[in-house]
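Heads up: the structure comes next, in structure tokens.
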Amino acid sequence: MHKIIYKIGVKTRNPSLNKWISFLNKTQSWSIDELESYQLKKLKELLLFAYQYSPFYKEYFDKNNVDLKEIKSLDDITKIPILEKQTLLNNINEIHTKYVFKKTLKAITSGTTGKSLSFLREESADSFNRASIFRGYSWYGIKPWDRNAYFWGFNFSLKDKIKTRFLDFIQNRFRVFSYNKKSFLPFIKRLKKVKYIHGYSSMLYQTAKLINEQKLETPQKLKMIKGTSEKIFEVYQEEVQKAFGLKMISEYGATESGIIAFECPEGNMHINMEGCLVEEIEGEVIVTNLQMKSFPIIRYKLGDYIELAPKNNTCSCGKEHRILNDITGRVGENVYGKNEIYPSFSFYYIFKNILKNDNLKLSYQVLQNNKGFLEFKIGQELTPKELTIVNNEIKKYFKEDIDVTIKDKVKFDNSKGKFKSFISTL
């Protein structure tokens, strides 16, 4: 039944989806040269289209003396200025192209950085993005209509709950609406029939912990566990592997950029090269959406720190798509000492070093309400020796400029949407 519902939905909402799925199944075996050749072709098309139909980009290119005839290789994209998020937010109407598409769909970003964005995405671009996700699913033997469980934010009104339950039904999925044990334990029992679980990685981790604590039966049909929107800590993997017999894989993307990378069964995050062009500049990700023309995203500073693997890095899965080694944190979140300012991705390296040097896997959250003071919340119980290890590693980065308190055995509240590893009220 759900396969039929899926096909009806595709025909109605995403008529070009099957075309894109077929295309991406073919291109996943392309060589890196073929992929880059396709990227260059799409880039040239996008730039010409944006210049012709977007009032913003016409003025933007002219003002910055961008000659589109000079874009002859992918490296030439650096001749185009980087687009900052505030510039994009200030020019939403002008960025939209004046071309009349047969069908457009409204897209809204989550606004987790405090700045939500709403724009129109043409059906072809929307279908391409869905096809990119489904291609990743196919690597794990998942069909789009398979039974699945979804962990996402759920601060809904009654009206929104009813709407959400309907949408979940037609997508053959279910989710938990409350984290009290009375409703959560029956939810876990329903996992027995699902093929995949996806959503916030912190929620997946908490589910795995509860399964392990209660010694509940592991789902037998499960093929994939996908974490999105949050960092996947190493300590998460230990609990998830124990509970489900599978590791949690990662999907990386954004509403405006589309799917940027998807993890293959060999553990590498392959960049969705057919859909986007990714640059790493001073550790920051700069992304160009190659498929969306209704609202062009060109050299956009997305707001994440990343680590892009060298071009000659290969994967045993056989795909030659570039590899994204890691997403190390959000840009623009400063840590304030008594005298100095530090980037928030310092926390990423602190806990990475603790894992590497001391094999100590920790989940954490850092709070700052006053300059020169940080509160570290650790999900695990620390021995006196482990507490010293954490203190010493923190001190390497902040020395005497920041006073620190550490609380262990903290139960994080995962019921209010996306989990943030650093929260500052300054």
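Brief remarks on what is shown
- Matching option when the condition is closer than 30 Å to Phe56 by Cα, surrounded by 23 or more Cβ atoms within 10 Å (Cβ to Cβ) and either in contact with an Asp or Glu (Cβ under 7 Å, 6 or more places away or on another chain) or aliphatic (A, V, I, L, M) (or both), among Ile298, Ile281: Ile298
- Some residue of segment 59-72 being out of contact with any Phe, Trp or Tyr (no Cβ under 7 Å at 6 or more places or on another chain) and at positive phi: yes
- One residue alone among Lys226, Lys242 is more than 17 Å from Leu24 (Cβ to Cβ) and in contact with a strand residue (DSSP E or B) (Cβ under 9 Å, 6 or more places away or on another chain), and that residue is Lys226.
- Selection count, segment 196-207, where residues are out of contact with any strand residue (DSSP E or B) (no Cβ under 6 Å at 6 or more places or on another chain) and either surrounded by fewer than 24 Cβ atoms within 10 Å (Cβ to Cβ) or of a type in the set (S, T, N, Q) (or both): 3
- Residue within segment 71-89 that is modelled with pLDDT under 95 and of a type in the set (D, E, K, R) present: yes
- Residue ranges of strands (runs of 3 or more DSSP E) in segment 304-358 with at least 2 members over 23 Å from Cys264 (Cα atoms) and modelled with pLDDT under 90: 334-336, 341-343
- Residue in segment 116-137 that is closer than 30 Å to Glu94 by Cα, buried (at least 17 other Cβ atoms within 10 Å of the Cβ) and at pLDDT below 85 present: yes
- Qualifying residue in segment 228-242 (condition: assigned by TED's automatic domain parsing to the domain that holds Phe134 and assigned to a strand (DSSP E or B)): yes
- Of the helices (runs of 4 or more DSSP H) that lie entirely inside segment 1-93, those containing 1 or more residues that are over 26 Å from Glu263 (Cα atoms) and without any contact (Cβ under 8 Å) to a residue 60 or more places away in the chain span 2-13, 32-53, 55-63, 85-90.
- When residues of segment 161-186 are limited to those that are more than 25 Å from the chain's Cα centre (by Cα) and within 21 Å of Ala243 (Cα to Cα), the one modelled with the highest pLDDT: Pro186
The values are calculated or read from the model by the stated rules, or taken from the named source; none is laboratory data. Everything numeric in this text was worked out from a predicted model, so none of it was measured. A quick note on method: Cβ atoms are made from the backbone with ideal geometry, for glycine too, and the neighbour counts reach across all protein chains shown.
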